[in-house]
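Asks: Before anything else, here's the structure in question.
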Amino acid sequence: MKSRQQGLTLIELMVTLAVAIVLVAVGMPLFTGVAANNRATTQSNSLLAAVRLARSEALRRSTDVSLCPTANPTAASPTCTGNTNDWNGGWTVYYVDSATATTEHIRIQQALDGNPTITSDTSPVIRFDSTGAAALPVANLPWSVSLSFAETTGVQSRCISVNNAGQIRMRRYDPGNGETCP
């Protein structure tokens, strides 16, 4: 009578583990790149949502609403930095109440994880008027802000731009190939 083998032999187990280790070693860098690219998309969308919120609140409230970088987003009343290259600390969407002349913050964003580089080549503040149009001097339009992510793969720099009509657009661009934002 033949006896049937049950379970795995030591050699079969070692071969299975070796194959699993090779698959993990090959797959981990790919997964890390995918996770970094997803984080870049999420963070870009966070700033894009703030720009869209500022425009929609200007329309809803029939008053000027602004978005600016802030270095102190955890303060009771965050202030704008006034520096086009200081978006890394966070930002705030706000308006000035005409009745009380006080600044009302609609949304305050903390600094983003992963240390993206966020800069604006134009004005550090984007303001929308009650019609939803960008209310900057014409010389500063189109307003734009660029986001760059160091640990991502491929073309992962993003450009968010606003034209004088208030139209908001986000696109990927590659500064390594001489492309610019906007």
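The values are calculated or read from the model by the stated rules, or taken from the named source; none is laboratory data. On a predicted model such as this, the values are computed, not experimentally measured, just so you know. Cβ sites come from the backbone with ideal geometry, for glycine too, and all protein chains shown count toward neighbours.
Asks: Restricting attention to region 91-126, report how many residues are touching a Gly at 6+ places or on another chain (Cβ under 6 Å) and not in a loop (DSSP other than H, G, I, E, B).
Replies: 1
Asks: Please state which one of V26, V51, V19, V15 is within 14 Å of the chain's Cα centre (by Cα) and either more than 30 Å from G132 (Cα to Cα) or of a type outside the set (G, A, S) (or both).
Replies: Residue meeting the stated conditions: V51.
Asks: On to the next question. Across region 113-133, which residue is nearest to the chain's Cα centre (by Cα) among those that are modelled with pLDDT of 80 or more and among the charged types (D, E, K, R)?
Replies: Top of the filtered list is R127.
Asks: Given the criteria within 16 Å of D86 (Cα to Cα) and at pLDDT 80 or above, does I168 qualify?
Replies: Considered against the rule, which asks whether it is within 16 Å of D86 (Cα to Cα) and at pLDDT 80 or above, I168 comes out as no.
Asks: Next question, about the same structure. Note down all Cβ pairs under 7 Å where the first residue falls in region 66-79 and is assigned to a loop (DSSP other than H, G, I, E, B), the second is modelled with pLDDT of 80 or more and hydrophobic (A, V, I, L, M, F, W, C), and they're at least six residues apart or on different chains.
Replies: P73/I108; P78/I108
Asks: Is region 30-51 home to any residue that is assigned to a loop (DSSP other than H, G, I, E, B), at pLDDT 80 or above and either within 29 Å of R158 (Cα to Cα) or not hydroxyl-bearing (S, T, Y) (or both)? Walk me through how you get there before you give the answer.
Replies: Step one: filter region 30-51 for residues assigned to a loop (DSSP other than H, G, I, E, B), giving none.
No, that holds for no residue.
Residues checked against (1) in contact with a strand residue (DSSP E or B) (Cβ under 8 Å, 6 or more places away or on another chain); (2) exposed (fewer than 13 other Cβ atoms within 10 Å of the Cβ); (3) of a type in the set (A, V, I, L, M, F, W, C):
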| residue | (1), (2), (3) |
| --- | --- |
| S44 | yes, no, no |
| A54 | yes, no, yes |
| A58 | yes, no, yes |
| A76 | no, yes, yes |
| W87 | yes, no, yes |
| W91 | yes, no, yes |
| V96 | yes, no, yes |
